[in-house]
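Accompanying notes for the structure given below.
The values are calculated or read from the model by the stated rules, or taken from the named source; none is laboratory data. Because the structure is predicted, anything quoted here is derived from the model rather than measured. For neighbour counting, all protein chains shown are included, and Cβ atoms are generated from backbone atoms with ideal geometry for every residue, glycine included. Heads up: the accessible areas ignore ligands, DNA and RNA and are worked out on the full protein's heavy atoms, side chains in. Shrake-Rupley method; radii C 1.70, N 1.55, O 1.52, S 1.80 Å.
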Amino acid sequence: MTVTDQREPVAGILRAMAADADVRGELVHAARTHSPEVARLREDDTRRHVTAMVRAAGGWLGTLDRVDEQDFGAALGLGTDRAAQGVPMTSVLRGVQAGLTRAVEITVDRSRSAGVPDGMLLTAVLRLKEYGDAVERHVINGYRAAERGLPATAEGAARARLLRQVLVNGVVPAPRDLSGAGLRPDGAYHCLVADARDPGAVRLPARGIAALVEERLAGLLPCRPAGPVADGAGPLAVISPAVPLAGAGAAYRLCLLALRVGARGGRRGLHDLTDLAGETALGEQPLLGVYLSDRLLGALDPADDFHRQLALTALAFLDHGRRLDQTAAALFTHPNTVRYRLARLRRITGGSPADPAAEGPSGPMAALHWWWALSTWLRPGTEPEPPFSPSP
């Protein structure tokens, strides 16, 4: 028998498979045979997920939609359920892969029996492979979300896809998709990146969207978060000024850089991107900081605790506006002690942040150079590069 009355006959075959109790039984058997941990669960539980995923595959195969636009709620639910049941991830994937492989085998057999041309069948099988890969990704996402206590829903997956489009790929979705996510195409939003995976740790505002992007909590928000994170408690988070959606990708990349810089400094809570602007910019040129540190502080010995104390005092002096009284209060010492340490630093290195510059940069630039050199010298694991020697 030759099938000619359907635009995509394989899609009809898949829909029939989803309704066929014998086929569902074969897929369940394959999953349970290849994963003993899954075999210990109730068979009806596995059958429910199998039926939903095969039915969804049949509905999708007959369309021209991209696979990432489909509803993978069944796959997310499977991952969530298996995590809650304590089934190891590797066992879950073994069962999923066995079921998907058997589904393709049955699809090929039934399609050939129905007279589906080889070219059409090959196209369908390749699309089913694409669908199977997406199923596995969403099972993993559902499993990981359950481990972290995040809601794994189709709506959540859609938010994550949209955020990846805007923040990672720099693509502004269609107005319909933005509106569906609660964003205005002409709106301006703060980009937030947090060193956390749980939205509850940041207490995000009700409006805007947030999801895990590249294993970190990220979001586009119409206003700043409130609560403990805004008061300096909780995980480190960086928020940009409000920007149009077309500029959110660039703001996201800067927030990631600032997050790394803030983490190195042991910061906590919410910080404006602009407050970390200097540290972020300097952090992008670490080798230049090493060279500057070697020039200004080359006479200091990193293994000498007193030399380290001198450097910490000089850095505190710059951090407190070059004020002796404020520096002394921050270090719990006397202003004369601060003055003495800066003088010792001058004798050892030939200069200090308290000196007016006799040559080279002066004023703010001199202070910047000293701050950069001291911060680099005090950072663990920073070693000066060996001097360059041209070949003879």
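Can you put Met17, Met53, Met120 in order of accessible area, largest first, using a 1.4 Å probe?
Met120, Met53, Met17
How much net charge surrounds Pro222 when only the other residues with a Cβ under 12 Å from the Cβ of Pro222 are counted, with Lys and Arg +1 and Asp and Glu -1?
+3
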